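> Submitted below is the structure of interest, expressed as structure tokens.
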Amino acid sequence: MTTLLQSLSHIHQQIDEAKRRYHRIQEVKLCAVSKAQSAHAIQRAYQAGQTIFGENYLQEALKKQSELQDCKIEWHFIGPIQSNKTQQIAQHFSWVQSVDRLKIAQRLSSARPEYLPDLNICLQVNVSQEQSKSGANQDEVLDLALQINRLPRLKLRGLMAIPAPMTDFEKQRDQFKPLASLFEVLKSQYKEVDTLSIGMSDDYLAAIAEGATMIRLGTAIFGKRLMTKSPQQTEQDASTWL
Ligand SMILES: *Cc1c(COP(=O)(O)O)cnc(C)c1O
């Protein structure tokens, strides 16, 4: 059986190799997606040096955060956001990567406590229109960025996307290309924009080839998730199954 330590070191090796192969000099941060993983599993990854963790469901995340208060974890919210959850999200996370409309950004902005640093924001972009309802359309992104950049207590950092699963490497790269171009435009407009969060367990090498600065891996780190419920179901009973 592969241990968590072995998975993590294998992934770091793969990241380094991909950067060399595709002549990418940018730093590639690893966000460990810990949805459906126990606080104990997170702690083991943390002890192995992993500090950035992504969670999709608020109640599940809050419970684990309270068990892991002693760990200096940078928590990223990466799931769909309902407006009645924005207050707690703004209080308990350093980053929110799944902002796809102005209303949510406004609510996060007004709920971000003064005593915390600005909340880091990535705009989630829809790259495969038919597949998913989440994410802003590509033609809305620059306008949305302009408006979000004006809001207090938020720091616009870049773009996030969840493309449709594809097995072909070149097709994976093709899906990332429009995002990489949008990211270049944003970077030229906003000095704090530095994050292109693309790439999951099955396509992170293609994402690095296209210039990802952050990849979000769950399965590749922790193994297959046991939970197979839909996000909506999980949201409802996340407080009970842990
Ligand atoms: C679950 C999830 C991931 C990780 O997916 P894996 O295929 O397990 O690596 C990444 N990003 C988001 C937004 C997710 O919901």
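The values are calculated or read from the model by the stated rules, or taken from the named source; none is laboratory data. Note that the structure is predicted; figures quoted are calculated from it, not measured. Backbone-built Cβ (ideal geometry, glycine too); neighbour counts: all protein chains shown. Accessible surface is based on the protein model in full, side chains and every heavy atom, while ligands, DNA and RNA are left aside. Shrake-Rupley method; radii C 1.70, N 1.55, O 1.52, S 1.80 Å.
> Leaving ligands, DNA and RNA out of it, work out the accessible area of F77 with a 1.4 Å probe and give it in Å² to the nearest 10.
0 Å²
> Rounded to the nearest 500, what is the chain's calculated 222 nm mean residue ellipticity when only DSSP H runs of at least 4 contribute -39500 (n - 2.57) each, over all residues?
Details: 10 runs with 105 residues, N = 242.
Rounded to the nearest 500, it is -13000 deg cm²/dmol.
> Could you order the peptides 198-204, 103-109 from most to least packed, using the average number of other C-beta atoms within 10 Å per residue?
Numbers: 198-204: 22.3, 103-109: 19.6.
My ranking of the peptides, most packed first, is 198-204, 103-109.
> Taking the highest mean first, how do the peptides 9-18, 51-60, 178-187 order by number of other beta carbon atoms within 10 angstrom per residue? Walk me through the numbers before you get to the answer.
Values: 9-18: 15.0, 51-60: 20.9, 178-187: 18.1.
Answer by packing, highest mean first, reads 51-60, 178-187, 9-18.
> Okay, next question. P(r) of segment 32-159 in 10 Å steps, Cα pairs, percent per bin?
Going out from 0 Å in 10 Å bins, segment 32-159 shows 13, 43, 32, 11, 0 percent.
> Let me ask another. I'd like the FRET efficiency for K133 and V185, computed as 1/(1 + (r/R0)^6) with the beta carbon distance as r and R0 of 22 Å, rounded to 0.05. Could you put the intermediate results ahead of the total?
Details: r = 25 Å, r/R0 = 1.12.
Between K133 and V185 the formula returns 0.35.
> Remind me, relative contact order of the chain in percent, using alpha carbon pairs under 8 angstrom and six or more residues apart?
Worked out over the chain, it gives 22 percent.
> Spin-label point model (7 Å from Cα, Cβ direction): what's the D168 to I25 distance in nm?
Spacing of the two 7 Å Cα→Cβ label points: 3.3 nm.
> If I stretch the segment between S83 and H10 completely, what's the gain in nm (0.36 nm per residue apart, minus their alpha carbon distance), one decimal?
Additional length available on full extension: 22.4 nm.
> Over 27 Å between C-alpha atoms is what I'm after, so list which of K35/K155; K64/K85; K35/K103; K187/K224; K155/K224 land there. Walk me through the intermediate numbers first.
Numbers: K35/K155 25 Å; K64/K85 17 Å; K35/K103 25 Å; K187/K224 35 Å; K155/K224 33 Å.
Exceeds cut-off: K187/K224; K155/K224.
> Please report the carbon-and-sulfur percent of the accessible area for the chain; probe 1.4 Å, protein heavy atoms only, DNA, RNA and ligands left out.
Working: 5730 of 12080 Å².
About 47 percent, which is the carbon plus sulfur part of the accessible surface.
> Which peptide among 23-30, 134-141 comes first, and what is the full order, when sorted by highest mean count of other Cβ atoms within 10 Å?
134-141, 23-30
> If one puts a single equal scatterer on every Cα of the chain and applies the Debye formula without solvent, what log₁₀ I(q)/I(0) results at q = 0.12 Å⁻¹?
Taken in order of the listed q values, log10 I(q)/I(0) reads -0.66.
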